[in-house]
Amino acid sequence: MSAHHAPDWVPHREGHGIKNDGVLATWLGLISFTFFIGTFIAANVYLRMWSPNNFTVDFAQNADLPAITTIVLIVAGFITVIAGSFHRQGAWKKFQVMMGLAALAFIAYAVLLLKLMGYTHSLGAAAWTTHMGIYVFQFGLVLVNLFMIAKIGILFSDRNQKSLNNWVPAAMSVFLYTVILGIIVLLVTDMISVGEFTEWCGKRIGVLEK
């Protein structure tokens, strides 16, 4: 068989194949991404600890905006979990509807992130330093989510079930990661004070030392 007629999915050995390798590669990429955004989150905590008067950001009348943004993200993640369930059941029409709703939810999340970035920019250099880099990374990640949803839509319209079955698990990994990261960012940068965070870290270190 020529290379031009290669099958969509060729197993390497029993229980392994493009789907498994794709999920592994996806999580390796997400782990690398974590190191990048983790640096900005750590810098946020350090700067607020080092000089709280200068680097503690007050969102004032938009104080609820980070939480609302994260709630929309959680809703988007919940929809994708339902969509993944329909995919496993082979309920294709329901899967298509839920992925459409997920796309709308992620678009709403992206719009709220842009609003959050715009307001953060208006707060001055301190807010840019502590929060803007984190929000930029999150916005880049939501664009990846939307790309993956678009890819799923293309595969679905082409009735390419084998490629769809390989693509969906990797996409679900990214959706799940995006939601978990959004919750962590909200807790660490906007809800938990530096004192509470360091106290929590100290307790965890104490448990590990024992």
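Spin-label model, Asn53 to Ala91: label points 7 Å out along the Cα-to-beta-carbon direction sit 5.9 nm apart. Sorting His87, His131 by solvent-accessible area of protein heavy atoms yields His87, His131, largest first, with a 1.4 Å probe.
The values are calculated or read from the model by the stated rules, or taken from the named source; none is laboratory data. Remember, it's a predicted structure, so these values are computed and weren't measured experimentally. FYI the Cβ positions are ideal-geometry reconstructions off the backbone, even for glycines, and counts take in every protein chain you see. Surface areas here come from the heavy atoms of the whole protein model, side chains and all, with no ligands, DNA or RNA. Shrake-Rupley method; radii C 1.70, N 1.55, O 1.52, S 1.80 Å.
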